[in-house]
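Here's the structure we're looking at; comments come further down.
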Amino acid sequence: MILAAGRGERMRPLTDHTPKPLLQAGGKPLIVWHIERLVRAGITELVINHAHLGAQLETALGDGRRFGAHIVYSAEGTALETAGGIAYAMPLLGDEVFAVVNGDVYCDYDFAQLPTLAAQMREDMAHLVMVSNPTHHPKGDFVLQDKRIIAHTASSTMLTFSGIGLYKPELFKDIQHGSKAPLAPLLREQIALGKVGGTHHRGTWVDVGTPQRLSELDAQLRHEHIQS
């Protein structure tokens, strides 16, 4: 599932007329980078949720055939936050472990790792891909220790949640269909129970949260294209 329902307030005025995941960097929309990487990794069954200007996403991406994917959409109307949006899409996601990717980040994470990580979850309810803290989020989100996400301790080094995760459907069973619900409280509850694994992605990761970061990413990707 690719999350694409956010309003993108910090990206205004760019998002007044364009949904955030369709903003371009390096010559293509942010969400297309994800779709292409997922397909290359063999993950072709995709669910995309939307709310703000969602029709534009469906028009731009279609059924996914041109990417080698099969895309279905979860139209929320009003954004339901992360956990609410996932719960709303559960009829499309099935009853096995599934991956979720934030549509407004750029990342060179190798999605081909996900099936193996999913198979290893067993008792875990979630597996989070963590990244080193960016300058705009220096305190991080969670602690990763021995491939486990644990509660913060005084000597711990915090990392930032990348927005890429694996989840079991049961994690969302108590969320009323169509209600708003954030993801963080659900994760903290499972972390306290020792049921969240994690890995550290050390490659490129950008939270494209402001026009400046989008511009910087665009310049970086265009430079890399020229170099190659």
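The values are calculated or read from the model by the stated rules, or taken from the named source; none is laboratory data. This is a predicted model, so every value here is computed, not measured. We place every Cβ from the backbone using ideal geometry, glycine too, and count neighbours over all the protein chains shown.
Quick notes on this structure:
- Residue 35 being modelled with pLDDT of 95 or more, closer than 16 Å to residue 163 by Cα, surrounded by 15 or more Cβ atoms within 10 Å (Cβ to Cβ) and not polar (S, T, N, Q): yes
- Here residue 7 meets the list (1) closer than 22 Å to residue 224 by Cβ; (2) touching a Ser or Thr at 6+ places or on another chain (Cβ under 8 Å); (3) basic (Lys, Arg) almost entirely, failing just condition (1).
- Of the residues making up the stretch 200-213, one or more are at pLDDT 95 or above, under 19 Å from the mean Cα position of the chain (by Cα) and surrounded by 18 or more Cβ atoms within 10 Å (Cβ to Cβ).
- Given (1) of a type outside the set (D, E, K, R); (2) within 21 Å of residue 43 (Cβ to Cβ); (3) part of a helix (DSSP H, G or I), number of the condition residue 214 does not satisfy: (2)
- The lone exception for residue 191 - which of (1) in a loop (DSSP other than H, G, I, E, B); (2) over 17 Å from the mean Cα position of the chain (by Cα); (3) surrounded by 14 or more Cβ atoms within 10 Å (Cβ to Cβ) it fails: (1)
- One residue stands out in the stretch 12-28 among those that are at pLDDT 85 or above and part of a loop (DSSP other than H, G, I, E, B): the one that is nearest to residue 207 (Cα to Cα), namely 23.
- Candidates in the stretch 77-86 are the residues that are touching a Pro at 6+ places or on another chain (Cβ under 9 Å), surrounded by fewer than 24 Cβ atoms within 10 Å (Cβ to Cβ) and not charged (D, E, K, R); of these, the one that is nearest to residue 187 (Cα to Cα) is 83.
- The set of residues from the stretch 38-71 being exposed (fewer than 14 other Cβ atoms within 10 Å of the Cβ) and under 19 Å from residue 96 (Cα atoms) comprises 42, 70.
- Residue identified as surrounded by fewer than 20 Cβ atoms within 10 Å (Cβ to Cβ), under 20 Å from the mean Cα position of the chain (by Cα) and either closer than 30 Å to residue 44 by Cβ or modelled with pLDDT of 95 or more (or both) among 161, 111: 111
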